[in-house]
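What follows is one structure encoded as structure tokens, with my remarks underneath.
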Amino acid sequence: MSTSSTYLTIPSGRYRLAGMGTRLCARLIDTVIIGIPTGIVAAVVIASTDSSSEFPADADSEFGVGTVLLVVALGLLACIAYEVGLTATQGATFGKKALGIRVARIDTADAPGEGIGGAAALIRWATLVLPSMLCGIWGVVCAASPYFDHVARQGWHDKVAKTFVLAVS
């Protein structure tokens, strides 16, 4: 495997790496796509709870903890279904597709539209998102990590999952 700042060369061919601005814009599109429906569901869940309780509820109350856990669980499930599901089966989320980029492994680079598989997609997502729940700065640092890889533009989540983000054309 060899790379330049723009191309990845592997036995199956030479592929253009996705630009960092394009990757960022695709992530923003995906955030809107998943964030709006998740926000609506969260609002419905919160509104459907006991209306006599004050909101925001006391974190020690059963209402507050239960509602927060339900909203977080629903949000995580939505993110997993969207990001992991689409990347595993198609190699790209709707944001990535809209901007002409895709996630690939070395063995799937020559097959546009083919996913990277469930394990790689879950590892990639989990490396980016789960630590962020414990330490919020992780998500920012991990998402920015491709900016510091001048060879293959791999973020830490890409390195762990052994993936690359390629331009489709």
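The values are calculated or read from the model by the stated rules, or taken from the named source; none is laboratory data. As the structure is a prediction and not an experimental result, all values here were calculated from the model. Please note that ligands, DNA and RNA were not included when accessible areas were found on the heavy atoms of the full protein model with its side chains. Shrake-Rupley method; radii C 1.70, N 1.55, O 1.52, S 1.80 Å.
Structure notes:
- Full extension of the segment from residue 46 to residue 78, taken as 0.36 nm per residue of separation minus the current Cα-Cα distance, would add 9.8 nm.
- Computed from Cα positions, the angle between helix 62-79 and the longest principal axis of the chain comes to roughly 20 degrees.
- Solvent-accessible surface of protein heavy atoms, probed at 1.4 angstrom with all chains present, puts 101, 46 in the order 46, 101, largest first.
- For the chain, the 222 nm mean residue ellipticity estimated from helices alone, with every DSSP H stretch of n ≥ 4 adding -39500 (n - 2.57) and the total spread over all residues, rounds to -17000 deg cm²/dmol.
- Calculated accessible area for the chain comes out at 54 Å² per residue, all protein chains present (probe 1.4 Å; ligands, DNA, RNA ignored).
- Taking the protein heavy atoms of the chain in the context of the full set of protein chains, the accessible area attributed to carbon and sulfur is 70 percent at 1.4 Å.
- Karplus 3J(HN,Hα) series, Hz, for segment 124-138 with 6.51 cos²θ - 1.76 cosθ + 1.60 (x for Gly, Pro): 4, 5, 5, 5, 7, 9, 4, x, 5, 5, 8, 9, x, 5, 4
- Average silhouette area of the chain, convex hull of alpha-carbon atoms, in square nanometres: 10.2
- Helix 20-48 and the longest principal axis of the Cα set of the chain meet at an angle near 20°.
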